[in-house]
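Colleague: One structure is given below, represented as C-alpha cells, and several questions about it will come after.
The values are calculated or read from the model by the stated rules, or taken from the named source; none is laboratory data. These numbers come from a predicted model, not from an experiment. Don't worry about glycine lacking a Cβ; one is built from the backbone with ideal geometry, like all the others, and counts go over all protein chains shown.
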Amino acid sequence: MTVASIDPGREGRRWGALALIVAAQFMVILDVAIVNVALPSIKTDLHFSQANLQWVITAYAILFGGALLLGGRLADLLGRRRLFVAGLAVFVGSSLLSGLAWSEGSLIAFRALQGLGGALLAPAALSILMTTFPEGRERNTALGIWGAASGSGGAAGVLLGGLLTSYLSWSWIFFINIPVGAVVIALTPWLLRESRVETAERRFDFAGAASVTSGLMLLVYAMTRATQQGWGSNSTIVLLTGSVLLILTFILIELRSQAPLLPLRMFRLRTLAAANAAGVVVAAVGFSMFFLLTLYLQQVLRYSAIQTGVAFITITLSIVVFSNVAQTLVTRLGPRRVLTTGLLLAAAALALFARLPVHGHYFWNVFPALLLGGIGMALSFVPMTIAGLTGVERADAGVASGLINTSRQIGGAVGLAAVSTIATTYTGHYVGSHAGTTPLSGSALTHGFDVTFSVLTALAIVGALVAAIFIEPQRRVTEVEPQREEIIRPVEEAA
C-alpha cells in the first residue's frame, strides 16, 4: 500500500494522533522549566531549607532520566498506547498532588512520581509517532512539529512560570497540566491505535531493567551532588563509580540476554549511534544555555521572572519556525548536513554569549545570540531525533525512542552539573584576583558565565564534528525508505 491509497479519514486521524502526542510532549518539557521559576515561592510557602530545595528538581530528574529506557521497552511489549495513557495518568495525577503538597517531603515524593510518569509517557509518545509515520518525508514532517513543541517548551515554561507564579500561585504551575492531560486521555481511544511487538513468547529482561534504571538514576543523582559537593569529593566519586559499575553490568547482561531490554545490535546502525552521541551534546548545550542566560538576566541585569520569560520569546519563536524548516532540509539534504550546520550555528551563538558585558543591553548583546541560538537548536534537535530513529525496526520503536530521550536527559544533567561547577569556579577566581568584589557582584558573575559559554562553544564544535564524521550521508539513509514504507503500512493497517 502506498501513501496515495490511504483514505482521507485515516490520514486525518494520523495527524490528529500527532496533535495528541505533541500536546503531551510539550506538557512534559514545559514542566521542567516552569518549576525552576517557582522555586523561590515554593521555598517560602512550604518552608524548604536551602539544601532540600534542589530536590524539587532532582527528584523528578532522577526518576525521569533513570526510567526512560524501561518505559520504552515496556511500550514495545505491553502496548504503546497503553503506556502512553498510563504515563499520562501518572503524570497528571502527580501534578494534582504536587499542587496540593503540604510539606517538603510530600512535594518531593510527588515530583518523583511525576518524573516516573514522564518516563513512561515520553518514549511511548515518540514510538507511536515513529510507527504511525513511515521513515522519510512524512516522519520528518511529523518530527519537525514534535521538535518545535519539544524545543520551545523549555523557553515557554520560563514565561508561563513567571506569569502563573506572579499572578496566581506556584500551585498553578502543576494544576495547568490537569485540563491538558484530561483532554488528551479522553481523545486517545479515538485517535491512537494500539501497537506492540507480536512474538510467540514474551520475555522481559528484569536484570537488565534493574541494572540500567538504577545505574542511570545514580548517575543523575551523582551529577546533581557534584554541583554541591564538588567533583573530587568522596561522595561524588563513590556515586559515579557505582553508576559506572551498574551500567557496565547492564551491558554484560544485555550481551547474554535472550530478550535484551536494549538490543545492542541497534548500535551497529552508525547513524543511530552517532545521533545519540550528538544528542548528549545538543542537550548539554541547550539546557546549559537556558540555565546560564537565565542567571545572567536575573542576577546581572536584574530582570524579574516575567521580564526573563519575555526575553526568551525570541528563542521560542525561532525554534518553532525553524524546527519545521529543519524537517524539510533533512528530507532534501539528510540529517548529517543539517545537524552539523545546526551545531555550528549554536556554537556561533554561544561564542556571542561568551562576550556578554556586565552592563549589557538586551537588543544589542542578548537578542542576536538568542535568535541565532534558536535557529541552531532547531536545526540540531530535529535532525538528531530523525537520525536517532533511522533504520530502527518496528519492534524496537519504543526502546529506540527511550534511548534518544535518555541521551538528551543524561546530556542535560551532565551539562548542567559541569557548567555550574565551571561558572562557580571562575567566579571565585575573579573574586580572588580582584579586591573589593564579591561572588554576587555583576563583574564576577559575568566573568564566570563568559568562561563557561566559551567551554560550551567548544563542546558544540565537537558535536558538529561527531555529526559530520559519523552520521551516514543521505544516500545511505534513504535507500531503506521504499522498503520500510511497504512493510510498515500493512502492519499499521492491521493494528
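Colleague: If only one of Ser41, Ser106, Ser95 is crowded, with 23+ Cβ neighbours inside 10 Å, of a type in the set (Ser, Thr, Tyr) and not in a loop (DSSP other than H, G, I, E, B), which one is it?
Modeller: Every option except Ser95 fails the conditions.
Colleague: Name the single residue that is surrounded by the most Cβ atoms within 10 Å (Cβ to Cβ) among those in the range 173-210 being of a type in the set (Phe, Trp, Tyr) and modelled with pLDDT of 90 or more.
Modeller: Phe174
Yes or no, residue by residue, for (1) of a type outside the set (Gly, Ala, Ser); (2) assigned to a helix (DSSP H, G or I); (3) crowded, with 24+ Cβ neighbours inside 10 Å:
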{"site": "Leu379", "(1), (2), (3)": "yes, yes, yes"}
{"site": "Ile386", "(1), (2), (3)": "yes, yes, yes"}
{"site": "Gly398", "(1), (2), (3)": "no, yes, yes"}
{"site": "Gly402", "(1), (2), (3)": "no, yes, yes"}
{"site": "Ser407", "(1), (2), (3)": "no, yes, no"}
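Colleague: On to the next question. Would you pick out the residues in the range 29-69 that are in contact with a Gly (Cβ under 6 Å, 6 or more places away or on another chain), under 23 Å from Ala222 (Cα atoms) and among the hydrophobic types (A, V, I, L, M, F, W, C)?
Modeller: Ile29, Ala33, Leu63, Phe64, Leu68, Leu69
Colleague: On the given criteria, is Gly411 modelled with pLDDT of 85 or more and either of a type outside the set (Val, Ile, Thr) or in contact with a Gly (Cβ under 8 Å, 6 or more places away or on another chain) (or both)?
Modeller: Considered against the rule, which asks whether it is modelled with pLDDT of 85 or more and either of a type outside the set (Val, Ile, Thr) or in contact with a Gly (Cβ under 8 Å, 6 or more places away or on another chain) (or both), Gly411 comes out as yes.
Colleague: Write out, first by first residue and then by second, each pair whose Cβ atoms fall under 9 Å of each other, whose residues are 6+ apart or on separate chains, and whose first residue, in the range 236-257, is closer than 16 Å to Arg225 by Cβ and part of a helix (DSSP H, G or I) while the second is modelled with pLDDT of 95 or more and of a type in the set (Ser, Thr, Tyr).
Modeller: From the range 236-257, no pairs qualify.
Colleague: Oh, and also: Does Ala378 qualify as being modelled with pLDDT of 85 or more, out of contact with any His (no Cβ under 7 Å at 6 or more places or on another chain), of a type in the set (A, V, I, L, M) and in the same structural domain as Ile57 (by TED's automatic domain parsing)?
Modeller: Taking the combined requirement at face value, the residue satisfies it.
Colleague: Anything in the range 428-469 that is farther than 30 Å from Pro335 by Cβ, assigned to a helix (DSSP H, G or I), out of contact with any helix residue (DSSP H, G or I) (no Cβ under 7 Å at 6 or more places or on another chain) and of a type outside the set (S, T, N, Q)? List them, or say none.
Modeller: Listed by number, the residues that qualify are Gly428, His429, Gly432, Asp450.
Colleague: Take Ser318 and tell me if it is of a type in the set (Gly, Ala, Ser), more than 18 Å from Thr457 (Cα to Cα), surrounded by fewer than 23 Cβ atoms within 10 Å (Cβ to Cβ) and in contact (Cβ under 8 Å) with a residue 60 or more places away in the chain.
Modeller: Here the answer is yes, as Ser318 does meet what is asked.
Colleague: Out of the range 1-31, which residues are among the hydrophobic types (A, V, I, L, M, F, W, C) and modelled with pLDDT under 75?
Modeller: Hits for the range 1-31 are Met1, Val3, Ala4, Ile6.
Colleague: Mind telling me which of the residues Gly162, Gly215 ends up being of a type outside the set (Phe, Trp, Tyr), farther than 30 Å from Arg14 by Cα and modelled with pLDDT under 75?
Modeller: Of the residues listed, the single one that is of a type outside the set (Phe, Trp, Tyr), farther than 30 Å from Arg14 by Cα and modelled with pLDDT under 75 is Gly162.
Colleague: Kindly indicate whether any position in the range 16-27 is among the polar types (S, T, N, Q), surrounded by fewer than 24 Cβ atoms within 10 Å (Cβ to Cβ), within 30 Å of Ala395 (Cβ to Cβ) and assigned by TED's automatic domain parsing to the domain that holds Thr132.
Modeller: Yes, the range 16-27 has at least one match.
Colleague: What's the number of the only condition in (1) surrounded by fewer than 24 Cβ atoms within 10 Å (Cβ to Cβ); (2) among the basic types (Lys, Arg); (3) closer than 29 Å to Leu293 by Cβ that Arg111 fails to meet?
Modeller: Condition (1) is where Arg111 drops out.
Colleague: Ok, one more. With respect to Val414, is the statement that it is part of a loop (DSSP other than H, G, I, E, B) and either surrounded by 20 or more Cβ atoms within 10 Å (Cβ to Cβ) or in contact with a His (Cβ under 7 Å, 6 or more places away or on another chain) (or both) true?
Modeller: So Val414 does not fit the description; no.
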